[in-house]
Amino acid sequence: MPQNNTLNSELCAEEWPWSEAAKNPAPGLGSLQWSPGPFGRAISVGSRLDVEALHGDQAKLVPKAETKLYHRRWIMLFLFSAVSASNAFMWLQYGIISNIFMRFYNIDSLAIDWLAMIYLLTYIPLIMPVLWLLDNRGIRDVVLVGSAFNCIGAWIKIGSANPNMFSVTFFGQFMCSVATVFVLGIPSYLASVWFGEEEVSTACSIGVLGNQLGIAIGFLVPPILVPNVDDMDELAHHISIMFYITAGVATFLFILVVFVFQEHPKLPPTQAQARARVISPEQYSYTASILRLLRNKPFILLIITYGLNVGCFYAVGTLLNRMIIMHYPGEEVNAGRIGLTIVIAGMVGSLICGIWLDKTKTYKQTTLAVYFMSLVGMIVYAATLSLGHLWVVFITAGSLGFFMTGYLPLGFEYAVELTYPESEGTSSGLLNCSAQVFGIIFTICQGKIIDHFGTLAGNIFLCVFLLIGTIMTGLIRSDLRRQNANLLAKAEAERQMSGQDYGATALISQPQTPLNSDQ
């Protein structure tokens with residue numbers, strides 16, 4: 001389906017409470033639209049010039065906003081990515097060696113699964129307060145609090161390297177899960193605040209890539225640091241070493257965030273971001289923003305489809321060790337390497353998808369294609385898992401990861417396009433909330449199916465929902481609002497340079513005679 005790139009003036013005219021200095025943004029003096037009513041009431045939206053009402057019948061032109069890209073934007077991005085990676089590592093440090101921790105703490109598989117699912121469960125009730133904090137306090141405070149929770153949780157875990165301390169390790173994991181709420185939805189927001197329109201999708205992909213890097217390390221490192229030894233004291237020593245390393249890294253990153261991470265650049269990177277800055281806090285309603293998003297039908301479809309896809313990824317990541325060990329006993333290290341393969345391939349997919357979006361802006365087509373290939377990858381992985389050849393599983397798992405993980409930044413960026421000028425953090429937060437809900441459901445259900453019917457039935461269960469998600473993705477109407485806003489600004493700049501708007505200057509300076517109310 002072709003994308004809707006029509007330059008319409010409905011983008012913000014009635015949906016967004018603009019500030020006094022930008023209530024009547026104009027796409028160009030040569031294309032002013034007048035309506036029966038007060039002066040300038042129906043001027044089209046999207047200009048690099050703003051019209052400000054003065055004393056009823058006077059107006060002045062506000063020069064176009066100055067934009068600039070700062071080199072330190074890359075420091076902000078990579079520092080955030082490191083914090084996200086540290087937090088993501090601790091999500092899987094138990095599950096990838098679940099058989100070892102089950103024996104160490106003398107617990108069942110469901111208890112181990114909950115050490116991963118607590119990340120998903122915590123997100124659901126906390127995401128709304130965190131989104132409110134993001135809108136009212138800004139990105140620096142949110143990342144700072146998230147980094148602090150991540151650091152606290154890592155140090156709590158150090159005291160749990162004892163077979164009788166499962167409750168302590170669970171509490172530490174809970175603290176880390178709180179940190180996830182503060183960092184998981186930040187990539188699209190950070191990209192919009194700091195990066196230009198030609199690199200925003202790539203920047204979002206790198207932000208998501210940081211989380212995937214942490215997952216990759218979480219698949220690879222724990223089986224190496226914590227070997228499956230029989231002596232419990234030696235095992236406790238290996239576990240404590242892993243906990244000390246994660247705590248040290250989390251502390252270092254927290255200190256960097258305190259002294260390095262900044263709220264936003266002095267000048268906005270794009271015209272779309274410049275317009276977003278003129279909205280005063282008094283005119284912004286967090287509740288109204290949420291309600292507008294929930295009335296946005298394409299975005300609601302995206303929330304569901306994103307949740308289905310990422311929920312499947314969470315289930316596969318959480319249960320990977322159990323699935324591999326069931327068919328290849330004693331291969332804990334290779335289970336971690338297969339997980340690493342999934343995520344590394346996904347990191348490549350994320351980066352390629354981000355660059356592709358920046359070059360083509362084909363959000364609908366790219367999202368649908370990647371979603372369909374995720375379904376194909378899941379079918380192939382399910383069919384080859386039990387063949388008895390680990391090298392085959394490496395290949396099929398890598399193919400699955402390339403598309404399933406590569407979908408993550410696509411969902412974020414597509415949501416921003418569908419919901420502009422709403423906060424990027426809000427749209428990303430709602431997407432992630434859906435993913436956590438489906439992740440919990442899929443992990444519990446697939447785990448039970450695997451226990452009773454085997455891995456093939458469990459993976460077919462996920463394939464069914466990926467098929468549903470693919471069909472629903474095809475039904476999303478592509479209304480690229482952010483892209484339209486930037487195109488309008490570019491069109492206006494070209495009109496100004498060609499001198500076509502000079503004739504309207506006299507028109508806008510003339511007093512306007514109020515029309516009768518019956519006209």
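Bear in mind that the values in this text are calculations on the coordinates, not laboratory data. None of these values were measured; they are calculated from a predicted model. Positions of Cβ are generated from backbone atoms using ideal geometry, with glycine treated the same way; all protein chains shown enter the neighbour counts.
Remarks
- Alpha-carbon gyration tensor eigenvalues x 5, square-rooted, for the range 346-427, Å: 30, 11, 10
- Working from label points 7 Å from Cα in the Cα-to-Cβ sense, the Trp74 to Leu475 distance is 4.4 nm.
- Cα-based equivalent ellipsoid, the range 229-333: semi-axes from gyration tensor eigenvalues, Å: 44, 27, 12
- Net length gained if the chain between His327 and Asn136 were fully extended (0.36 nm per residue, minus Cα distance): 63.7 nm
- Violating pairs (Cα-Cα greater than 26 angstrom) within the set Lys68/Lys364; Lys68/Lys361; Lys297/Lys364: Lys68/Lys364
- Using the average count of surrounding beta-carbon atoms within 10 Å as a protection proxy, the listed peptides 176-187, 365-376, 251-262, 470-481 rank, highest first, as 176-187, 365-376, 470-481, 251-262.
- Most tightly packed first, judged by the mean number of other beta-carbon atoms within 10 Å of their residues, the peptides 263-270, 209-216 read 209-216, 263-270.
- The residues neighbouring Pro227, those whose beta-carbon lies less than 15 Å from its own, together hold a net charge of -4 under the Lys/Arg +1, Asp/Glu -1 convention.
- Rg(Cα) / (2.2 N^0.38 Å) computed for the range 178-273, rounded to two decimals: 1.48
- Each semi-axis of the equivalent ellipsoid for the range 217-276 is √(5λ) with λ an eigenvalue of the Cα gyration tensor; in descending order they amount to 44, 14, 6 Å.
- The range 294-389: translational diffusion in µm²/s, Stokes-Einstein, Kirkwood Rh over Cα pairs, 4 °C, 1.567 mPa s: 84
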